[in-house]
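Visitor: First the structure, then my questions, so here it is.
The values are calculated or read from the model by the stated rules, or taken from the named source; none is laboratory data. Owing to the predicted nature of the structure, the values given are computational and were not obtained by experimental measurement. We place every Cβ from the backbone using ideal geometry, glycine too, and count neighbours over all the protein chains shown. SASA here: full protein model, heavy atoms, side chains in, ligands and nucleic acids out. Shrake-Rupley method; radii C 1.70, N 1.55, O 1.52, S 1.80 Å.
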Amino acid sequence: MIERPFHTPGKAADGGLLSSPKLNTPPDTAVVVGASLAGLMSALALSRLGLHVTVLERSDRKSRTGAALEVSEGLLERLTGRHANAGTTVLPTGAQAWTDVHAGLRSAAEADPNICIRSPVRVAFVDQDERGAWVVAEDGQVVSGDIVVGADGHASVVRRHVAPERPDAKFAGYLIWLGLVNEQLIRSRPWPSQLAILYERDYCLNAYYLPGAGGTFAVGKRRIGWGWYDAGQNDLLRTSGCLVGDVVQRTIRPDRIPASTFEKLAAEARQIWPDPWREAILHCIERREVIGTPVAEYMPERLARGRVCLVGDAAHVPSPMTGKGFAASAQDALALAEALKREMLASGVADALGRYEGKRLKAARDLVLSGQSFSHSFARN
Ligand SMILES: Cc1cc2nc3c(=O)[nH]c(=O)nc-3n(C[C@H](O)[C@H](O)[C@H](O)COP(=O)(O)OP(=O)(O)OC[C@H]3O[C@@H](n4cnc5c(N)ncnc54)[C@H](O)[C@@H]3O)c2cc1C
């Protein structure tokens with residue numbers, strides 16, 4: 001389906017932007033680029049204000065294997081303004097697997113009549129004038145709204161419009177190997193606490209229990225997630241094309257990880273990591289159920305420009321070692337909706353997005369900075 005902008009973006013004969021009655025009116029429509037966690041949370045928060053939200057997502061592939069997120073109590077209710085009732089979507093709280101959080105947010109967004117998710121649509125370009133903003137997809141379709149929200153992750157296309165002077169997140173100098181396994185497949189005694197953060201040789205291991213089927217935390221029925229920080233794989237990232245210059249291109253998947261790398265990781269794991277984490281890691285390595293995500297970082301100077309703004313990893317990329325990227329994305333979504341409330345819009349949409357930036361920029365910079373202190377001590381070139 002080809003969708004045209006609600007107006008024809010253009011310039012007046014003197015080169016100035018065309019004036020329009022929409023200038024200071026409240027926004028009715030938003031385009032969100034990216035249907036991952038930050039995009040879905042922003043769509044839900046904007047729908048709460050009565051906006052019609054079109055979410056554009058380039059792919060259906062979701063594989064943040066093993067990553068764990070902390071979901072605060074009542075988050076979905078704060079985003080939607082609705083209380084959870086029987087029959088409505090419930091977002092599990094506490095430490096959760098990335099895929100479960102995504103599934104919960106996705107089903108809440110799909111049930112919302114103000115939100116339309118379109119996929120696959122890969123956005124190539126963003127622009128705006130005084131009357132509106134629009135995205136152009138790779139297939140040529142144009143989708144416009146009163147605002148555009150970039151929730152398109154660390155390699156954001158929307159960031160090129162908002163911060164063209166510094167558009168790219170930079171490689172932080174290390175990767176994380178990630179895996180996930182059902183606890184019932186692991187024979188070793190359980191770890192005495194929910195989470196372990198261990199340092200050995202040049203490595204760091206974060207390992208944790210995640211709920212099993214039906215959300216249970218019963219011993220033996222949980223899942224074990226692990227993230228192994230490794231700064232010794234930068235050559236592999238370059239030769240596999242996952243890293244070009246200092247810009248991260250993609251995660252390395254099991255079929256691109258050489259057998260010799262798996263063997264070396266298995267040998268290291270046997271020597272240095274204690275059970276049950278050792279057994280969980282070896283289980284994943286034997287089955288080739290491991291991915292390696294190069295870590296990127298982005299320190300923002302700005303979060304908004306005119307009618308276009310950034311949320312989540314498009315806005316700020318802290319090291320995963322902070323464990324706060326998801327919480328920061330939720331704060332972005334809530335702050336964006338607060339700034340766009342009707343009673344706050346007397347001075348126009350661009351001013352509202354400027355207020356959003358004022359509310360979130362310092363906290364986002366502080367978060368990235370806190371991750372950089374780990375990265376600087378850990379990374380290798
Ligand atoms: C390995 C790893 C471990 C992590 N661990 C933690 C943790 O323990 N705790 C924590 O709080 N946070 C963690 N994070 C961070 C956290 O996952 C993110 O901060 C949070 O999920 C917000 O992500 P996002 O939605 O902004 O971006 P993403 O999840 O990257 O989503 C971006 C979306 O935009 C889509 N997209 C991209 N470009 C386009 C385009 N041109 N057109 C259309 N769609 C597009 C993508 O397909 C994707 O769906 C981790 C991150 C990583 C990488």
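Visitor: Along the Cα→Cβ direction, 7 angstrom out, place labels at Ala327 and Glu73. What is the inter-label distance in nm?
Guide: Reported label-point gap for Ala327 and Glu73 is 1.5 nm.
Visitor: Sort Glu77, Glu130 from largest to smallest accessible area, using a 1.4 Å probe on the heavy atoms of the protein chains.
Guide: Details: Glu77 55, Glu130 80 Å².
Solvent-accessible surface, decreasing: Glu130, Glu77.
Visitor: Enter the accessible area of Asp351 (Å², nearest 10), with the probe set to 1.4 Å and all protein chains included.
Guide: So the heavy atoms of Asp351 present about 80 Å² to solvent.
Visitor: Sum -39500 (n - 2.57) across every DSSP H segment of at least 4 residues in the chain, then divide by the residue count to get the 222 nm mean residue ellipticity, nearest 500.
Guide: -9000 deg cm²/dmol, from helical runs alone.
Visitor: Quick one: ranking Tyr199, Tyr209 by accessible area, 1.4 Å probe, largest first, what do you get?
Guide: Tyr199, Tyr209
Visitor: A further question follows. Would you kindly state how much longer the chain becomes between Glu289 and Ser377 on full extension, computed as 0.36 nm times their sequence separation minus their alpha carbon distance, in nm to one decimal? It would help to have the intermediate numbers written out before the result.
Guide: Values: separation 88, 0.36 × 88 = 31.68 nm, distance 2.87 nm.
Contour length minus Cα-Cα distance gives 28.8 nm.
Visitor: Still on this structure, I have one more. Using the beta-carbon distance between Glu138 and Glu110 and R0 = 30 Å, what value does 1/(1 + (r/R0)^6) give for FRET efficiency, to the nearest 0.05?
Guide: For Glu138 and Glu110, the calculated efficiency is 0.80.
Visitor: For a quick check of understanding: with a 1.4 angstrom probe and all protein chains in place, what accessible area in square angstrom does Cys116 have, to the nearest ten?
Guide: 60
Visitor: Lys/Arg Cβ at +1, Asp/Glu Cβ at -1, dipole of segment 170-295 taken about the Cα centre: which of Asn182, Thr216, Thr261 is farthest positive-ward?
Guide: Thr216
Visitor: Cα to Cα, under 14 Å, and not fewer than 8 places away if on the same chain: which aspartates and glutamates meet these conditions relative to Lys362?
Guide: Glu301, Asp332
Visitor: Any idea what the relative contact order of the chain is, in percent, if you count C-alpha pairs under 8 Å spaced at least 6 apart?
Guide: Once divided by the residue count of the chain, the mean separation gives 21 percent.
Visitor: Just to verify a number: what accessible area does Thr322 come out at with the full protein assembly present, 1.4 Å probe, Å² rounded to tens?
Guide: Taking all protein chains as shown, Thr322 has close to 30 Å².
Visitor: Here's a follow-up. With r defined as the distance between the Cβ atoms of Asp246 and Phe217 and R0 fixed at 41 Å, what FRET efficiency is calculated, to the nearest 0.05? Before the final figure, lay out the partial values.
Guide: Details: r = 40 Å, r/R0 = 0.98.
Calculated value: 0.55.
Visitor: Sticking with this one: Distance between the C-alpha centers of segment 102-164 and segment 220-236? Whole Å please.
Guide: Segment 102-164 and segment 220-236 have Cα centres separated by 31 Å.
Visitor: Also, I was wondering about something else. Stretched out fully, how many nm does the piece from Arg342 to Asp235 gain, at 0.36 nm a residue minus the Cα gap? Let's see the in-between values first.
Guide: Details: separation 107, 0.36 × 107 = 38.52 nm, distance 5.17 nm.
Contour length minus Cα-Cα distance gives 33.3 nm.
Visitor: Quick one: compute the contact order of segment 170-295, relative version, from alpha carbon pairs under 8 angstrom and 6+ residues apart, as a percent.
Guide: It comes to 38 percent, rounded to a whole number.
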